[in-house]
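Inspection log for the structure reproduced underneath, given as structure tokens.
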């Protein structure tokens, strides 16, 4: 289980408990939209094909809450981009060697290797940053709704 501790979350929960039910629903939707929009902007920095950005979803959980996450069918590598990976070796699964294009010149040539060492990736916790941004904007979201 992943537990997130966001700065200011206790204050947001206390303020949220004092809101009228219809304002709560609108505020929650506003918070979710801010988090989703922020995550969408940040995930765009990691795109080569656009699949990671297209896989990001905002959907209702059915109980009045909202879920933001990736569609694993379209971007199964999303957790590795978000949380990072330690250094590791990449080995072929069904063949004897790995093969990839060399990218040199106009002719087709390939590089072959029995394995490659991946140096790891520190990750980019853009979903956590997006949740933090939503918490920072909580007061402004509620003020717009109470007018």
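The values are calculated or read from the model by the stated rules, or taken from the named source; none is laboratory data. Since the model is a prediction, treat every value here as computed from it, not as a measurement. Don't worry about glycine lacking a Cβ; one is built from the backbone with ideal geometry, like all the others, and counts go over all protein chains shown.
The range 55-105 holds strands (runs of 3 or more DSSP E) entirely within its bounds, and those carrying 2 or more residues that are in the same structural domain as residue 37 (by TED's automatic domain parsing) and touching a residue at least 40 places away in the same chain (Cβ under 8 Å) map to 66-70. Can you find even one residue in the range 111-127 that is within 30 Å of residue 17 (Cα to Cα), in a loop (DSSP other than H, G, I, E, B) and touching a residue at least 40 places away in the same chain (Cβ under 8 Å)? Within the range 111-127, one or more residues are within 30 Å of residue 17 (Cα to Cα), in a loop (DSSP other than H, G, I, E, B) and touching a residue at least 40 places away in the same chain (Cβ under 8 Å). A single member of 30, 84 is at positive phi and either at pLDDT below 90 or surrounded by 13 or more Cβ atoms within 10 Å (Cβ to Cβ) (or both), and it is 84. For the range 49-79: of the residues being under 18 Å from residue 118 (Cβ atoms) and over 10 Å from the mean Cα position of the chain (by Cα), which is surrounded by the fewest Cβ atoms within 10 Å (Cβ to Cβ)? The qualifying residue surrounded by the fewest Cβ atoms within 10 Å (Cβ to Cβ) is 76.
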